[in-house]
1. What percentage of the solvent-accessible surface of segment 41-88, computed with a 1.4 Å probe over protein heavy atoms, is contributed by carbon and sulfur atoms?
2. Given the -39500 (n - 2.57) contribution per DSSP H run of 4+ residues, what per-residue ellipticity at 222 nm results for the chain, rounded to the nearest 500 deg cm²/dmol?
3. Taking the chain as a Gaussian network, Cα atoms linked when under 10 Å apart, which of Ala52, Ala78, Ala34 shows the biggest mean-square fluctuation?
4. Ordering Val44, Val16, Val70 by how much accessible area each has at a 1.4 Å probe, largest first, what is the list?
5. Give the Kirkwood hydrodynamic radius (Å, one decimal) of the chain, defined as one over the mean of 1/r across all pairs of different Cα atoms.
6. On a 0 to 90 degree scale, rounded to 10, what angle separates helix 56-87 from the longest Cα axis of the chain?
7. Of the candidates Ala11, Ala47, Ala61, which one comes out as most mobile in a Gaussian network treatment of the chain with C-alpha springs shorter than 10 Å?
8. Amide H to amide H, which residues 5 or more places from Ala52 or on other chains are under 5 Å from it, using H placed in the peptide plane?
Amino acid sequence: MDILAGIFALAYSGLVLFMLSASLRKLMPPMRAALTAFALSVTVHGATTLMAGPQAMAALAFWGIPHLLVLPLLLLSARRQQRAMEIR
């Protein structure tokens, strides 16, 4: 069951970060959008983690670790999009 929860957390983090970043790309360059999406997500999830009480460490692990695993992929994607925009 723990593996299933971990896979869900990873999928949720990826979905949140990539969708938020894609939305922000309409307003700013890809790399800035990716970093802003990560910062917004960490802020919101961090604030809700503070309200978790005794399960704060479990809540932090549920979103923190997957966010850190998805971040390099998000930055790689943003770098590729940035290069594609520069070529045009």
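1. Carbon and sulfur atoms account for 71 percent of the accessible area of segment 41-88.
2. -30500 deg cm²/dmol
3. For the chain, modelled as a Gaussian network with Cα springs under 10 Å, the answer is Ala52.
4. Descending accessible area places them as Val44, Val16, Val70.
5. Across the chain, the inverse of the average 1/r is 13.7 Å.
6. The angle comes out at about 10 degrees.
7. Judging by the Gaussian network model, the answer is Ala47.
8. Those lying under 5 Å, H to H, from Ala52: there are none.
The values are calculated or read from the model by the stated rules, or taken from the named source; none is laboratory data. Note that the structure is a prediction, hence the values are computed from the model and not measured. Side chains are part of the model used for accessible areas, which takes the heavy atoms of the whole protein and leaves out ligands, DNA and RNA. Shrake-Rupley method; radii C 1.70, N 1.55, O 1.52, S 1.80 Å.
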